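These notes are about the structure you will find just below.
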There are 2 protein chains.
Amino acid sequence: MSKAYHQLEQRFARMSAIGGAIAVLGWDHATMMPPGGAAARANQLSTLSVLRHEIMTAPEMPDLLAAANEDTAALNDWQAANLNEMHHAWTHASAVPADLVEQMSMAESKCEMAWREARANNDFAKLAPLLNDLIGLVRQSGEARSEALGLSVYDALIDQFDPGGRQSQIDPLFAELQAFLPDMLQEITARQNDAPPAITPTGPFPVAEQEKLAHKVMSLLGFDFSHGRLDTSHHPFSGGVPEDSRITTRYDEADFTSGLMAVIHETGHSAYERGLPKDWLHQPVGRARGMTMHESQSLLFEMQAARSPEFVNFVSSLIKQTFANAGNACEPDNLLRIYHHVSPGLIRVDADEVTYPLHIILRYRLEQDLIGGALKVTDLPDAWHAGMKDLLGIAPDTDADGCMQDIHWPSGAFGYFPSYTLGALAAAQIFAAAKTDDAAIVPGIAKGDFAPLNGWLRQNIHGAASRFSTGHIIEQATGKPLSVDAFKAHLEARYLSG
Amino acid sequence: MSKAYHQLEQRFARMSAIGGAIAVLGWDHATMMPPGGAAARANQLSTLSVLRHEIMTAPEMPDLLAAANEDTAALNDWQAANLNEMHHAWTHASAVPADLVEQMSMAESKCEMAWREARANNDFAKLAPLLNDLIGLVRQSGEARSEALGLSVYDALIDQFDPGGRQSQIDPLFAELQAFLPDMLQEITARQNDAPPAITPTGPFPVAEQEKLAHKVMSLLGFDFSHGRLDTSHHPFSGGVPEDSRITTRYDEADFTSGLMAVIHETGHSAYERGLPKDWLHQPVGRARGMTMHESQSLLFEMQAARSPEFVNFVSSLIKQTFANAGNACEPDNLLRIYHHVSPGLIRVDADEVTYPLHIILRYRLEQDLIGGALKVTDLPDAWHAGMKDLLGIAPDTDADGCMQDIHWPSGAFGYFPSYTLGALAAAQIFAAAKTDDAAIVPGIAKGDFAPLNGWLRQNIHGAASRFSTGHIIEQATGKPLSVDAFKAHLEARYLSG
């Protein structure tokens, strides 16, 4: 190992420790912090971000990277891959001039604040000018990254969240989804309209009991509470660091079903982080591969494993043990009706797995046009309305339930949305391969034992971290490139068979 | 304001933000973190500490400080005091060579770990060599600071925790305490033996109810829950940042009395932090003055205000509202007997306010001898034994209850102990002055209204932050230099009058 490479490892370990501190402070912000702590916290977080950025863009970095690159013969495969990841991270960070980084950070926080108010008051006109300014800066940042990476502007934006993600790969996948999903949706809803409706569970389901159930389910799913916690926050998320995984959910005393699934979803994210190789935790190569892979792991737990008849059957008995008032609504058949209910809706985060990709395709189209300039911000509400009609057959009465429903754009995240649906495709393909590879996985899930599944995922997905590209890891694990086939087969089996 | 001074402010603001992050991560470590997160957390904390130290000891700092010092005419009083504080902080940080800082940090964490085990097993021989090594390093650090500050080695150590604290000031105060406390102790215990013994409250007192009571009392004391939280930890502490005050306590279901007083004590610390001047929060001059002043504020709340007959009478009714099973034990007279009980004991943290200074005097003597070399570590248990006999008339059967009871020395904190007793003296003197100044303070306390007291403290103590020395602030606020008079008068009035 060259001296230059060794120095780079030390610098990246330092950045990783700062990143860990940022992650824990972010978790605290969402779960524990009193409101009066916000300004001090923002100051702590921005100081740590700037410090990390300064380490990344230190003047000697190009020379260190070049020197390490000249002596790759001395590196083993992981080290060589690590050097690639270092170079990639540095290219992104150094591409954008410091003053643009600062302008963006200010515009993002202004726009996000305006968004909260504008959404609450359904007042898109208030948001539009700030969003327009922000998009201008995001475009500049995309152009700078584009030049440094040799990618199109939109690809360069995607690449921040999902390294290696490209429009040329996404377009055909999304086209294929769009080709069959609307018809399939009609067919599924027709079938569901003919079947008996689900009985809604009647609460109250006390939060303390829901928490107990969540802890139990998490343990069964392999969550290690000596290396993590479950808390509550406004929106469920998975945070912290691999050694100390902080996941959150929210509870509704009237209905336990969605809080429970949120816990399972976040436990899937956490399993990925916990399964990263211990020796590389503090280096770029040891990090999760990207948002597509991350979302594939949460959706694999939630949509593939936990909504399977086998697991729903198992969890039904846990639910009945937990809630004395569970009643018939918590029998396996009815729980399946609840968890397999499909219906076009206005809100992405509430969408079922059949309609979800259509929400994403809409955003994918619109954000390209916003960044490219083909769509003016002031025209966004109309474009949203038309897109919803076209893709889902319904349209919102308000912008609050339309183009202002998501935080992503007001917080500057353009190029992020596709990973949700790529993750859903990957989840289906990976779960299918896992079940074929190891016959113990489904019987395990049927009795609440995720150890076989977790073992397979650790071996084939988690342990690879960022050693290879997303595409390579999926192809190695499943024997074929990412496609819509497994997802389509999964939907057909779950919603149209029998 | 000179450009150099302005640059210094920016650098110190950055260090303050890092310090804030460290404080919140430290709080999380003690309250929320699962055990498996320890290694990652240690790494985050040490990385942030090193970053802060690097900013402080950056090569350009001496020139910046010198340039700012040449242009003090342009500074207002606060800025000038801030520059002094910057210089003082820099002198401490730059005095100790980086390799010694690192050696100490390693020796401290080794020694602290060994201490936990050695104390649990009452095995001083296991701790002794590590403590000896650590003391050697602390001595070196003291010598380096001594040279940089022009102070004796022990004064240089005190000065880390309590800037301006000097042995020449402490010696006569402690001599005076030692001259009257043992006799007074005998007199008090004789009186208490003649009086009816306190009835012990009979629990259980559920934790949830104790928490509710704690929240209520904190609110009455002025704690603002939009800028802070109460949680539980192994040892009570006050952490976080001034804008986001995180205090902790511990609950014993069999006895609520000590957990409640711990909350009040920590609320006093928090009130000080919350009362620091808003405009200077992120600069050295805006920080709490030192450990003596900090302890004076917690003890003023706990020992002076909250254990007063007026407040005990008031809190008795709250307690009876909270616990249906409170019974006669929670009548004001009996609560006063509990909260005014005096008895020589082996353990400092359990000591009453009469015997506490004797515990401190013992440690003060012994740590000087350990640092100076007059006392060998292997002779510490015997010296402890003899000192306890001499000062308190009792001695421990085990080193666990003797020289291994405190974490301070095994964690490298030499020169810290005196501030506990200096704080007790200051608390008595400040409270006496406050009561004289504002006749509304005691009637306020009698009805659970701390607003008059808090207003006076903010005006006379908290708002001064580090603008002046501890001695100056006390003299301004009370009209005289710190002495034992008020403390002695307080003990006489509480324990020997009537």
Q) Any idea what angle helix B:124-149 forms with the longest principal axis of chain B, computed on alpha-carbon atoms, 0 to 90 degrees, nearest 10? A) 50 degrees
Q. If you take the square roots of the eigenvalues of the alpha-carbon gyration tensor of segment B:114-203 and sort them as a ≥ b ≥ c, do you get rounded (a/c under 1.5), prolate (a/b over b/c) or oblate?
A. oblate
**Q.** Cα pair count fraction exceeding 39 Å, expressed as % - chain A
**A.** 23 percent
**Q.** Dipole of segment B:1-95, positive direction: furthest Cα of B:M33, B:S16, B:L65, with charges on the beta-carbon
**A.** B:M33
Q) Which far-off residues, 5 or more places away or on another chain, put their amide H under 5 Å from the one on B:D352, with H placed in the peptide plane? A) B:S343
Q.
Run the reach check for A:K488 against aspartates and glutamates, Cα to Cα strictly under 13 Å, same-chain hits fewer than 8 apart removed. What comes back?
A. A:E176, A:D183, A:E353
Q. Tell me, A:T232, A:T57, A:T355 in order of fewest to most beta-carbon neighbours within 10 Å?
A. A:T232, A:T57, A:T355
Q | Whole-Hz couplings from phi, Karplus 6.51/-1.76/1.60, listed for segment A:38-48; x for Gly and Pro | A | 4, 5, 5, 5, 4, 5, 4, 5, 6, 4, 5
Q. With θ set to phi - 60° and the Karplus curve 6.51 cos²θ - 1.76 cosθ + 1.60, what are the ³J(HN,Hα) couplings of segment B:73-82 in order, to the nearest whole Hz, using x for Gly and Pro?
A. 4, 7, 9, 7, 4, 5, 5, 5, 5, 4
Q.
Debye calculation, C-alpha points only, no solvent: report log10 I(q)/I(0) for segment A:26-179 at q = 0.08, 0.13, 0.15 Å⁻¹, in the same order as the q values.
A. -0.35, -0.86, -1.06
Q. In nm, one decimal, shortest first: how far is the label point of B:N325 (7 Å from Cα along Cα to beta carbon) from the matching points in the other copies?
A. 2.9
Q.
Per residue of segment B:102-118, what does 6.51 cos²θ - 1.76 cosθ + 1.60 with θ = phi - 60° give for ³J(HN,Hα)? Whole Hz please, x for Gly and Pro, Karplus curve as stated.
A. 5, 4, 5, 4, 5, 5, 5, 6, 4, 5, 5, 5, 4, 4, 4, 6, 4
Q: Using only Cα atoms, tell me the angle between helix B:418-437 and the longest principal axis of chain B; keep it within 0 to 90° and round to the nearest 10.
A: 70 degrees
Q | Cα gyration tensor shape for segment B:323-462, rounded if a/c is under 1.5, else prolate or oblate | A | oblate
Q. At A:D123 and A:H472, where each label point lies 7 Å from the Cα along Cα→Cβ, what is the point-to-point distance in nanometres?
A. 5.2 nm
Q. What GluC sites (Glu not before Pro) in segment A:1-105 are in a loop by DSSP, with at most 16 other Cβ atoms within 10 Å of the Cβ?
A. A:E60, A:E70
Q: Report, in whole Å, the centroid distance computed from the Cα atoms of segment B:383-401 and segment B:271-306.
A: 33 Å
Q: Note the distances from B:V207 to each other copy's matching label point, with points 7 Å along the Cα-to-beta-carbon direction, in nm, sorted shortest first.
A: 1.7
**Q.** Value in Å of the Kirkwood radius, where segment B:294-369 supplies the Cα pairs that are averaged
**A.** 14.2 Å
Q. Sorted from fewest to most neighbouring beta carbons within 10 Å, what does the list B:L392, B:L422 look like?
A. B:L392, B:L422
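In percent, how large is the relative contact order of segment B:141-288, given Cα pairs closer than 8 Å and 6 or more residues apart?
15 percent
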Q. Given the pairs B:K110/B:K376; A:K216/B:K216; B:K110/B:K389; B:K389/B:K435; A:K278/B:K126; B:K216/B:K435, which are separated by over 26 angstrom at their Cα positions?
A. A:K216/B:K216; B:K110/B:K389; B:K389/B:K435; A:K278/B:K126
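Only counting other Cβ atoms within 10 Å, I'd like A:S109, A:S141 sorted with the fewest neighbours first.
Values: A:S109 15, A:S141 24.
In increasing order of surrounding Cβ atoms, one gets A:S109, A:S141.
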Q) What nm distances, shortest first, do you get from the label point of B:P443 to those in the other copies when the point sits 7 angstrom along Cα to Cβ? A) 8.2
Q) How high is the relative contact order of chain B, in percent, counting Cα pairs under 8 Å that sit 6 or more residues apart? A) 19 percent
Q. Long-range amide H contacts for A:R287: which residues qualify at under 5 Å (H placed 1.01 Å from N, peptide plane, sequence gap of 5 or more or a different chain)?
A. A:S466
Q.
Given a Förster distance of 51 Å, report the FRET efficiency between A:T200 and B:A440 from their Cβ-Cβ distance, rounded to the nearest 0.05.
A. 0.30
(Q) Counting pairwise Cα distances across segment B:1-95, what percent come out greater than 18 angstrom? (A) 52 percent
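Expressed in whole Å with the largest first, what are the equivalent ellipsoid semi-axes of the protein assembly as shown derived from the C-alpha gyration tensor as the square root of 5 times each eigenvalue?
56, 35, 28
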(Q) Please compute the contact order of segment B:1-95 in relative form: average sequence separation of alpha-carbon pairs under 8 Å and at least six residues apart, divided by the residue count, as a percent. (A) 46 percent
Q.
Report, to one decimal in Å, the Kirkwood hydrodynamic radius for segment B:102-258 based on all distinct Cα pairs.
A. 20.8 Å
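Each value in this text was obtained by applying a stated rule to the coordinates, not by laboratory testing. This structure is a prediction, so every number in the text was calculated from the model and none was measured. Here the Cβ is made from the backbone with ideal geometry for all residues, glycine too, and neighbour counts use every protein chain on show.
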